[in-house]
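K.L.:
First the structure, then my questions, so here it is.
Just so it is clear, none of the values below were taken in a lab; they were calculated from the coordinates. Bear in mind the structure is a predicted one, so any value in this text is a computation, not a measurement. Don't worry about glycine lacking a Cβ; one is built from the backbone with ideal geometry, like all the others, and counts go over all protein chains shown.
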Amino acid sequence: MLETLIEPLQYGFMQRSLIVAILVGLLCAIVGSYLMVQRLALLGDAISHSVLPGLAIAFMLGIDIFVGAFIAGVISTMVITLIRTRSPIKEDAAMGIVFSAFFALGITLITIIQKANKIDLNHFLFGNILSVTVEEAWDTAIIAVIVLSVVFTLYKELLFYTFDPLGAQAAGLPVNRLNFGLMLLIALTIVASMKAVGVILVLALLITPGATAYLLVKRLHQVMILGAVIGVISSVSGMYLSYFFNLPSGPAIVLVVSGLFSLAFMFSPQHGILTHFQGVKE
């Protein structure tokens, strides 16, 4: 068993994949915890889909796709904020408008690129963690350090804002900056996760580990810690499944984390369906 686990790590691409899997699992779970508690899962979905045209344009210009994706993510958050603050349209509707428009533009650009260059860019959509390069691993590590440093530095402020935005505003906290800053953290996390799970499936890795932990523990820092553990286990397990069974890496990771959520949903001591059903029978 141990030999089977160690065997793939003799290859450089598997070592890089393992590093990225751990970083992505940590990042998505910690940042996604704020999204889940604030009930802003659609925001993560909006930003993840909105980075696609940035990816395509960066590829066309021959620049770092991480840079293009991040710029597109920032622009999408600014457009969402502009629509929400300068019109009677609600935030969820603004998110739906922006992410569908950006995603449609991204798909169109990728289709044009693929026809012109005879290449396959589907890994942008679904991820391929086993093809991570050294440069991409370094980019992911740098983004992880930046995001985690900001989260730990502003933990109390983000905690206050997450659970009581009005109270945070009354206390003098810059809630608009915190909101925009959280959007930037989400955009960075999505950019870091693209290679692992792609822009379509990244929402699952952002939300599901935290949601699984939320069924098992109560406090936000506990949700973050347990969610990070679940995220890392899911990412690494999905990576191994992808390697041994020749499966697409993104879907494999998402299936693992979804399976762990299903177990928590059924057997959680406080919220599990089967746990409560057995309690009722007794």
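K.L.:
Give me the distance between the Cα centres of the stretch 1-71 and the stretch 233-274, rounded to whole Å.
P.N.:
For the stretch 1-71 versus the stretch 233-274, the Cα centre distance is 17 Å.
K.L.:
Straight distance only, please: which aspartates and glutamates reach the Cα of K195 with their own Cα at less than 18 Å, same-chain residues fewer than 8 apart left out?
P.N.:
Filter leaves D45, D64, D120, E135, E136, D139.
K.L.:
Cβ neighbours within 10 Å, averaged per peptide: list 47-56, 72-81 in order, most packed at the top.
P.N.:
Highest-to-lowest ranking by the protection proxy: 47-56, 72-81.
K.L.:
While we're looking at this one, here's another question. Obtain the nm distance between the two label points defined at K115 and I225 by a simple spin-label model: each point lies 7 Å from its Cα along the Cα-to-C-beta direction.
P.N.:
5.4 nm
K.L.:
Using per-residue counts of other Cβ atoms within 10 Å, averaged over each peptide, order 198-206, 30-38, 93-101, 251-259 from highest down.
P.N.:
Ranked by mean Cβ neighbours within 10 Å, highest first: 198-206, 30-38, 251-259, 93-101.
K.L.:
Loop sites only, by DSSP: take the trypsin sites (Lys or Arg not before Pro) in the chain that have at most 13 other C-beta atoms within 10 Å and name the longest stretch containing none of them.
P.N.:
119-217
K.L.:
Between M1 and I97, what length in nm is gained on full extension when 0.36 nm per residue of separation is reduced by their alpha carbon distance?
P.N.:
29.6 nm
K.L.:
Sticking with this one: Full-extension gain between A104 and F13, please, as 0.36 nm times their residue separation minus the C-alpha to C-alpha distance.
P.N.:
29.5 nm
K.L.:
Okay, next question. Which value in nm describes the separation of the simple spin-label points at S149 and S131, placed 7 Å from the Cα toward the beta carbon?
P.N.:
3.1 nm
K.L.:
Right, next: Contour minus end-to-end for H271 and F245, with contour as 0.36 nm per residue of separation and end-to-end as the Cα-Cα distance?
P.N.:
Value of the extension gain: 6.0 nm.
K.L.:
Oh, and also: What aspartates and glutamates does K156 reach when the alpha-carbon gap must be under 15 Å and sequence neighbours fewer than 8 apart in one chain are set aside?
P.N.:
The reachable aspartates and glutamates, counting only those whose Cα sits under 15 Å from K156, are D164.
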